[in-house]
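**Q** Can you read through this structure? Questions will come right after.
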Amino acid sequence: MKKLEAVIFDFDGTIVDTEKVYYENMRDLTEEVLGQKLDKMDYIKNVSGTNEETSKRYYNERYGMSSEDYDKFEAEITKRILDNYHNASVLPGIAELMEYLHTHGIKMAVASNGKREHIETGLQRKGFEKYISVIATKAEVSNPKPAPDIYLLAAEKLGVDINNSIAIEDSRPGALGAVASGATLILQTNDITKHMDFSGVNYRFKDVDLVKTVKEIVENK
């Protein structure tokens, strides 16, 4: 990296601790709708950090849920997540890092497999919309994470070189996409994604003090 031009954040589980909220709501709704338990470790292995299509396939294979029924299920999950954002905390170091980057004129974006409405709502409710100038989502690319497309699109929208960018991710699919894009990866796991297998993921840093680490990169220490 010649000079840091941008930091590109994943959203769910990286900026806001929604991975935990997602799991808890998926667990509760699975029991309400299907009368069955959602195995936490199986969910983390197969669904966490992926996308709606992967989740739909998981529910079809595990529980025999039809595509139509899953769409209703997903709509209810989305409503519950939006209704419960106040319960999802901002992850450590994120607010301080965004303020630091803003002060130093370093561009910021979100690159996510999630829905734009969900991301915009989350940023607004946490007061981060003033920092994030670009949002790139799976709806805009041919291949979602773990492909690099979303990260490459975010860099293009920002007008920066992806090789001079940091990606901050919490999950295996996102981490693989970030590395494949050419960004420098800081892997920051949470209570859900810390159980994932990150073997073969070429991260530069893992579970660090975000502000300190990025400051050292900016100041070339």
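**Q** Suppose the filter is out of contact with any Pro (no Cβ under 8 Å at 6 or more places or on another chain), closer than 21 Å to Thr213 by Cβ and in the same structural domain as Glu96 (by the TED database); does Lys157 pass it?
**A** So Lys157 fails the test.
**Q** Got a sec? Which of Glu68, Glu96 is of a type in the set (Asp, Glu), over 17 Å from the mean Cα position of the chain (by Cα) and not assigned by the TED database to the domain that holds Leu38? Please lay out each step first, then the result.
**A** Details: Glu68 fails: not assigned by the TED database to the domain that holds Leu38.
None of the other options fit; the residue is Glu96.
**Q** Another one. Enumerate the pairs (first residue in the range 139-151 and touching a residue at least 12 places away in the same chain (Cβ under 8 Å); second residue anywhere and among the polar types (S, T, N, Q)) with beta-carbon separation below 6 Å, excluding pairs fewer than 6 apart on the same chain, so at least 6 apart or on different chains.
**A** Pro144/Asn51; Pro144/Asn113; Lys145/Asn113; Pro148/Ser181; Asp149/Asn143; Tyr151/Ser181
**Q** What residue, of Leu91, Leu4, is modelled with pLDDT of 90 or more and touching an Asp or Glu at 6+ places or on another chain (Cβ under 6 Å)?
**A** Values: Leu4 fails: touching an Asp or Glu at 6+ places or on another chain (Cβ under 6 Å).
The unique qualifying residue is Leu91.
**Q** Note down all Cβ pairs under 6 Å where the first residue falls in the range 209-221 and is over 19 Å from Lys2 (Cα atoms), the second is assigned to a helix (DSSP H, G or I) and open to solvent by 50 Å² or more (accessible area, probe 1.4 Å), and they're at least six residues apart or on different chains.
**A** Val211/Glu96
The values are calculated or read from the model by the stated rules, or taken from the named source; none is laboratory data. Remember, predicted model here, so these are calculated numbers, not experimental data. Heads up, the Cβs are rebuilt from the backbone with ideal geometry, glycines too, and the neighbour counts pull from every protein chain shown. Ligands, DNA and RNA are stripped out before the accessible areas are found, and what is left, the full protein with its side chains, is counted by its heavy atoms. Shrake-Rupley method; radii C 1.70, N 1.55, O 1.52, S 1.80 Å.
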